Each structure stands twice: as C-alpha cells, then as structure tokens.
Amino acid sequence: MTFVVKFWGVRGSLACPGRQFVKYGGNTSCVEINLGERRILLDGGTGLRNAARNFMNDPSREIYLLFTHTHWDHINGFPFFLPAYNADWTVHIKAGHMKHAGGIRSVLSSQMTTPMFPIPIEALTATLKFEDFEAGEDFDLYPGVHIRTAPLNHPAGATAYRIEHEGRACVYVTDTEHVPDELDQNILGVIEGADLVIYDSTYTEREWTEKIGWGHSTWEQGMRLCRAAGAKRLAIFHHDPDHDDAFMTALEAEATAAWPGNLVAREGMVLDIA
C-alpha cells in the first residue's frame, strides 16, 4: 500500500519568495496525494508548477486536480501545469463550488485570456475533463479511492476533501473560517478518525479576532477539531505571507508543545500515512 502526502505549496493568499521564507516555503497551495500509480493534486497554486515538473515522466499519464475554490492563490499555477500542454495526458479537473456559477472551466479559462495571459485554455493539448459537483457529495476517483466532501465557510464557498484508501484517510480543509466557541459540524464529520488533517491555519488566535470575515482559521481551532473528532495528526497549513521563518519557527514550537499531533507543513515535506 502506498499513501504518501507531499506539500508543494503551503502558503496562503500570496506567494512570497525571499530568504526569510526558505525554511517553510513561499509557494501557494498545492498538495500531492501519491497512491502508487495514481496521483491526486489538491489545489493549483504556484506550487503546482514544481509538482508538475516532478512527474512529467509518470507512466500513468493521468491525474486528478481537485480545487477547494478558485481564489487566485489556489489557481494561478494552472497556466504553468505542464501535463495540460501534453497530448499524451488526461487531466481530470473537479470543483465543488462552481456548479451554479459558470463552472470550473470558465474560471480557469478566464485567467488565461488577454491581457492577463498569452496562451488561451483552448491551446492546451491534453485531454481535459472538467466536472462540477456540489460540496457535500461523495464519489470514487479510482477503484478503492473514495472521496468525501463537505462545504466550508469561505467567501464565495469552498470544499473540503477527504481521500480514503485501504483504510487510511487524509483530509484537506482549506480555506474556512470558524465561529468563536463553536466546532463546525461539517468539518467534524469529514475529519472523524482521519490519519492526517491539513487545516487552514492562516492566523494565530491572537491575530484572528482582527481578521473575522476574511474566511480563514487558526491552528488552535484546527487542533480542537482534530482532538474532538479523534483525528491523529494536524498539518498546520496555508501560512500567512507575513509569517516569515522566524515567526513560523516560534509558532511550530508553541503548537507542538500544545499537542503532539500537531506539525507545521513545509514546502517539500513528505508524510507517509500508509
């Protein structure tokens, strides 16, 4: 059994290159789920470019790209997604928030138009299969790979994904905003008993009170949810672009001291949950 999670982009809101972002990484959201010959990508932020270059020679020539939502930091790697330019590849593209708002294809296409980008989506030579669903629906990607989804509290909507394979589960929960002193029942249901929960931890609790309405959460809330749902590990994710390496190092020390299941996601980090 292979069930490996690799982080290609862990930053939220805006990519942030620079020496002060080397330890944790500056690329925006992109996470790979490697199930042996099967690969799933969660979100298409700037981390998508490096992810794609890594497996261009993959013999399967098929991949699923699941979008939580379509804010820029989650889609602006897509125009640089090399498999989409290769006629040998099939790329399945799914989203759970756009079914009644034009569809995922229209959003990805809109950022690839003049004057924003020189290559239109029609020029991509891969077989692109777009599918919109309603957040909350379940489906199978492959035999033995089951996906559960849940709606999230984020401006214009977002979708959580639970990937289940051979008795293991990884859940991707970003972007979402919690309600003070409440545990989101949608999230509790989708993360119950999970081996790994990747959670929107853009702010600390001290910062969050000034950011209410922006659609994000805290590592402290992620920890509460995981402990209440019996999840084994929390990956603190979607780091604020103002949180440099020094800030994140201090946060990591605080979080891991608070609960041994906490870890801070870093660009390039690989977690085996098989």
inquiry  = Using Cα-Cα distances under 8 Å and only pairs 6 or more residues apart, what relative contact order does the range 20-102 have, in percent?
reply    = 29
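Out of the GluC sites (Glu not before Pro) in the range 173-235, which ones are loop residues according to DSSP with at most 11 other C-beta atoms within 10 Å?
Here the sparse-neighbourhood loop sites are Glu182, Glu210.
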Average projected area [Cα convex hull, the chain], square nanometres = 13.7
query = In whole Å, how far is the Cα centre of the range 45-122 from that of the range 8-31?
reply = 19
query = Which lysines, on any chain, are close to Lys99 with Cα under 21 Å apart, when same-chain ones fewer than 8 places away are left out?
reply = Lys129
query = Any idea what angle helix 245-258 forms with the longest principal axis of the chain, computed on alpha-carbon atoms, 0 to 90 degrees, nearest 10?
reply = 60
note = Among Ala51, Gly222, Ile93, the residue whose Cα sits farthest towards the positive end of the charge dipole of the chain, when +1 is placed on the Cβ of each Lys and Arg and -1 on the Cβ of each Asp and Glu, is Ala51
task = Would you list which lysines come within 21 Å of Lys6, measuring only between C-alpha atoms, while excluding same-chain residues fewer than 8 positions from it?
result = Lys23, Lys94, Lys232
task = Quick one: compute the contact order of the chain, relative version, from alpha carbon pairs under 8 angstrom and 6+ residues apart, as a percent.
result = 19
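At a Förster distance of 25 Å, what's the computed FRET efficiency of Phe130 paired with Glu192, Cβ-Cβ distance as r, to 0.05? Present the calculation step by step, with values, prior to reporting the outcome.
Details: r = 30 Å, r/R0 = 1.21.
Using R0 = 25 Å, I get an efficiency of 0.25.
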ask   = Based on the Cα atoms of the range 118-190, what semi-axes does the equivalent ellipsoid have, where each is the square root of 5 times one gyration tensor eigenvalue, given in whole Å with the largest first?
value = 27, 20, 9
Segment Ile119-Ser60, length gained on full extension (0.36 nm per residue, minus Cα span) = 18.6 nm
query = Nearest 20 debye, what's the magnitude of the dipole of the range 143-274 about its Cα centre given +1 on Lys and Arg Cβ and -1 on Asp and Glu Cβ?
reply = 540
ask   = Taking every pair of alpha-carbon atoms in the range 42-173, what share in percent sits in each 5 Å bin, from 0 to the bin with the longest distance?
value = 2, 10, 20, 23, 22, 15, 7, 2, 0, 0
message = Multiplying the sequence separation of Glu182 and Ala274 by 0.36 nm and subtracting their Cα-Cα distance, what value in nm do you get?
response = 29.9 nm
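Quick note: the coordinates plus some simple rules give every number you see, no bench work behind them. Everything numeric in this text was worked out from a predicted model, so none of it was measured. Ideal geometry is used to build each Cβ from the backbone, glycine not excepted, and the neighbour counts take in all protein chains shown.
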